[in-house]
Amino acid sequence: MGIIIGATIVSTSINTLIIPNQIADGGVTGIAIILHYLFHWPVSWAVFLLNLPLFILGLRLVGRNFLILSVVGVGVLSATLTLTTHLPVLTHDTLLAAISGGVLSGIGMGIIFRSRGSLGGTDILAVLFARTTPFSVGQILLGIDGIIFLVVAVLFRPEMAMYAMIYMFIATRVVDLVQEGLSHSKSVMVVTTQPQGIAEEIMAKLERGVTLFQATGAFSGEAKQVVYCVINRTELSQFKEIVRDQDPKAFVAISEVPEVVGEGFSSWKGH
């Protein structure tokens, strides 16, 4: 169900924002959209046909589960692209379309990926090339998209490629947000000579679990302990007060945590 919902959102973005405003895309979908602009081929059929040789190529060289999920994802995307073809255009402002399309497509792709789906396409090609070249999958995907945007700039106009880059950048960021969640959690580590007092205060006042690690100062050779805890952003000020009151000389490191699963935070549901 998640793959269907995600593909419908992506297709709606493409048919109501991207294609009407002549914005390109990356990967196989981008090639399909270019062919649509040049020859008026239906994007849905172009996406499906362009993926067929990639599926055949990857039949023995990529994982069976990855290939099956890719076939399902591409099949559903092609179907929803057909079903959403006649939806009304949402805006004729190209910049607004690139931004809004990036948000919508990012949400849709994020839902697909969270549902363990895949849109196949150049992902399969990248996996294959990564096995025979010194480049990573991410670098190969970036290179493929770069070539597509260059072709768009040459065949059409440079502005179209620029809007495509805006669209892709936003979509990528939104995909990360959907997959990781809008967590505002902080990971905190405290190197201190008063670990027990700090731990007890955190557990009593913030009601957060605490983990203690044994540590030794490399320069001084002094034995210390590290207090580790994950807290919400709103609890950060109170946490700092606790540490300052217990050990003003403590060393504190605070990091962003994209997602936390466990007691007091999110559950495994939906993962």
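Numerical summary
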{"read-out": "List R208, R157, R64, ordered by accessible area with a 1.4 Å probe, largest first", "value": "R64, R157, R208"}
{"read-out": "Share of carbon and sulfur in the accessible heavy-atom surface of the range 85-177 [1.4 Å probe, %]", "value": "71 percent"}
{"read-out": "Helix 64-83 axis, angle to the chain major axis (alpha carbon atoms, nearest 10°)", "value": "60 degrees"}
{"read-out": "Kirkwood-based Rg to Rh ratio, the range 1-89, C-alpha trace", "value": "0.99"}
{"read-out": "The chain: calculated mean residue ellipticity at 222 nm from DSSP helix runs of at least 4, using -39500 (n - 2.57)", "value": "-18500 deg cm²/dmol"}
{"read-out": "Inter-label distance, nm, simple model (7 Å from Cα along the C-beta direction), S136/H92", "value": "4.4 nm"}
{"read-out": "Percent of Cα-Cα distances greater than 23 Å, calculated over the range 1-159", "value": "35 percent"}
{"read-out": "Candidates per GluC sites (Glu not before Pro) in the range 161-245, loop by DSSP, up to 13 other Cβ within 10 Å", "value": "E207, E222"}
{"read-out": "1.4 Å probe accessible area per residue over the range 107-164, in Å²", "value": "53 Å²"}
{"read-out": "Reported label for calculated mean projected area of the Cα convex hull in nm² given (i) 14.5; (ii) 22.2; (iii) 19.0", "value": "(iii)"}
{"read-out": "Accessible surface, per residue, of the range 6-81 when the full set of protein chains is kept, probe 1.4 Å, Å²", "value": "43 Å²"}
{"read-out": "Degrees between helix 158-180 axis and first principal axis of the chain (Cα, 0 to 90, nearest 10)", "value": "40 degrees"}
{"read-out": "Charged-residue dipole, Cβ positions (Lys, Arg, Asp, Glu), the chain about Cα centre, Debye nearest 20", "value": "560 debye"}
{"read-out": "Peptides 33-39, 96-102 ordered by average Cβ neighbours within 10 Å, highest first", "value": "96-102, 33-39"}
{"read-out": "0 to 90° range, to nearest 10: angle between helix 137-155 axis and the chain longest Cα axis", "value": "40 degrees"}
{"read-out": "Neighbourhood charge, 10 Å Cβ-Cβ cut-off, centred on Q246 and excluding it, Lys, Arg +1 and Asp, Glu -1", "value": "-4"}
{"read-out": "Per residue accessible area in Å² of the range 191-265, where ligands, DNA and RNA are left out and the probe is 1.4 Å", "value": "65 Å²"}
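The values are calculated or read from the model by the stated rules, or taken from the named source; none is laboratory data. Everything numeric in this text was worked out from a predicted model, so none of it was measured. Ideal geometry is used to build each Cβ from the backbone, glycine not excepted, and the neighbour counts take in all protein chains shown. Keep in mind that these areas ignore ligands, DNA and RNA; they rest on the heavy atoms of the full protein, side chains included. Shrake-Rupley method; radii C 1.70, N 1.55, O 1.52, S 1.80 Å.
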